[in-house]
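The values are calculated or read from the model by the stated rules, or taken from the named source; none is laboratory data. Owing to the predicted nature of the structure, the values given are computational and were not obtained by experimental measurement. Reconstructed Cβ throughout: ideal geometry from the backbone, glycine too, with neighbour counts over all protein chains shown.
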Ligand SMILES: NC(=O)c1ccc[n+]([C@@H]2O[C@H](COP(=O)([O-])OP(=O)(O)OC[C@H]3O[C@@H](n4cnc5c(N)ncnc54)[C@H](OP(=O)(O)O)[C@@H]3O)[C@@H](O)[C@H]2O)c1
């Protein structure tokens, strides 16, 4: 078995490599790809000896090249990576690049791999309407690994439920108990401090604003064909229940596991390798859980949820605009260009920009995303 990991230097990529090292040493790492963190990539090369590495940021390439002279690992230029994917085959792939640029690789990955562990949510949000067509055409098996979707996939693949609604749980992030006034002064450091999950900055900030759950709602719609009107969000601060299916027979099915991405990733690798290991230390212990709380989303506290609620989710371009303007806003907040409590307003303003671009192919969407970013930054006089 060989594996390609896109986003190997991030939280998910690092966790995947550690799971491989400790549990699946026979899996051969074929390709590791990152954005610019060449130092971490180099450490991974030393440990896993991949055949290939790829760095998206060309300015860091000379530094990586210099350090790799004594290794057999070859560098693939980022402009050649999709061509390489179209010319080769891989059994397993993890796609865990943060942000909508993850879409740049998706079509080629679906061609290249037999089994895709899909963690990057932004590419599903932008191109979910094309995902099934490509996976079917290429015979690629998609394993949703984002925890809520991993959870729903498990529930739906085991039983054909007749349901009224499907709930995705949200921990509520670090500001759940803050009042509106105190959100004015929130810093980047505070916003990335998630109470339950260890994630990259984009996902952490998205969790604090609830953008993450909005994106996941779209993700669930595309992955499981659930109509939007049946998809709900509920706050659950303990973050041990990941999804709830409210069935027509008046019973509800909840899926529990500890908030640890080890579980979806490990199970993906386990199922594709037909190994039946039992990981007892990750087993859910009911007697160690004091309480489970659930709250309705307070739209005053999470104004971005209001913005999301108002967009026409059946308009593909509006959903893409939401996805991109959210990422632009998060990065502007990161670099002190806007305040935390301006994020939702920035997104709302960007959504009001009209476009009639076609989004019928992945290439259309990739181009639209770049164009949209330029326009949004120009309109806000940020270059
Ligand atoms: N972390 C979690 O618990 C979790 C749970 C569920 C879903 N997810 C989803 O998984 C994805 C990754 O999350 P994360 O927490 O692992 O993020 P992260 O720690 O920020 O890692 C992001 C990875 O993507 C790479 N990357 C970023 N932009 C790139 C580009 N344009 N081209 C190539 N590589 C690029 C980064 O490389 P550099 O290091 O070089 O910058 C890094 O390897 C996100 O979509 C997130 O929503 C994460």
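Looking at segment 108-129 only, could you name the residues that are more than 23 Å from residue 20 (Cα to Cα) and surrounded by 21 or more Cβ atoms within 10 Å (Cβ to Cβ)?
Keep residues of segment 108-129 that are more than 23 Å from residue 20 (Cα to Cα), which gives 108, 111, 122-129.
The answer is 122, 123, 124, 125, 126, 127.
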**Item:** Members of segment 48-63 that are over 22 Å from the mean Cα position of the chain (by Cα) and within 11 Å of the ligand (Cβ to nearest atom)
**Value:** 60
**Request:** Could you please find all residues in segment 24-47 being surrounded by 18 or more Cβ atoms within 10 Å (Cβ to Cβ), farther than 21 Å from residue 112 by Cα and away from the ligand (no atom under 12 Å from the Cβ)?
**Result:** 24, 45
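Have a look at 155, 168 and point out the one that is in a helix (DSSP H, G or I) and either more than 16 Å from the ligand (Cβ to nearest atom) or modelled with pLDDT of 95 or more (or both).
Answer to the check: 155.
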**Prompt:** Quick one: residue 179 ticks every box in (1) outside any helix (DSSP H, G or I); (2) buried (at least 19 other Cβ atoms within 10 Å of the Cβ); (3) away from the ligand (no atom under 16 Å from the Cβ) bar one, so which box is it?
**Reply:** (2)
**Request:** Kindly indicate the residue of segment 12-30 that is in contact with a helix residue (DSSP H, G or I) (Cβ under 8 Å, 6 or more places away or on another chain) and touching a residue at least 40 places away in the same chain (Cβ under 8 Å) and also nearest to residue 103 (Cα to Cα) among those meeting that condition.
**Result:** 12
**Request:** Could you check residue 1 against (1) under 30 Å from residue 136 (Cα atoms); (2) away from the ligand (no atom under 15 Å from the Cβ); (3) modelled with pLDDT of 95 or more and say which number it fails?
**Result:** (3)
**Request:** Within segment 342-353, identify whether any single residue is under 22 Å from the mean Cα position of the chain (by Cα), more than 24 Å from residue 201 (Cα to Cα) and not assigned by TED's automatic domain parsing to the domain that holds residue 205, and answer yes or no.
**Result:** no
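Just give me the residues in segment 69-103 being in a loop (DSSP other than H, G, I, E, B) and either modelled with pLDDT of 95 or more or out of contact with any helix residue (DSSP H, G or I) (no Cβ under 7 Å at 6 or more places or on another chain) (or both), in sequence order.
In the first step, residues of segment 69-103 are kept if they are in a loop (DSSP other than H, G, I, E, B); the result is 69-73, 76-77, 88-89, 96-99.
Matches in segment 69-103: 69, 70, 72, 73, 76, 77, 88, 89, 96, 97, 98, 99.
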**Prompt:** Among the residues of segment 242-249, is there at least one that is within 14 Å of the ligand (Cβ to nearest atom), in contact with a strand residue (DSSP E or B) (Cβ under 9 Å, 6 or more places away or on another chain) and part of a loop (DSSP other than H, G, I, E, B)?
**Reply:** no
**Item:** Residues of segment 1-58 satisfying the condition of being at positive phi and out of contact with any strand residue (DSSP E or B) (no Cβ under 9 Å at 6 or more places or on another chain)
**Value:** none
**Request:** Please state which one of 124, 142 is touching a helix residue (DSSP H, G or I) at 6+ places or on another chain (Cβ under 6 Å) and part of a helix (DSSP H, G or I).
**Result:** 124
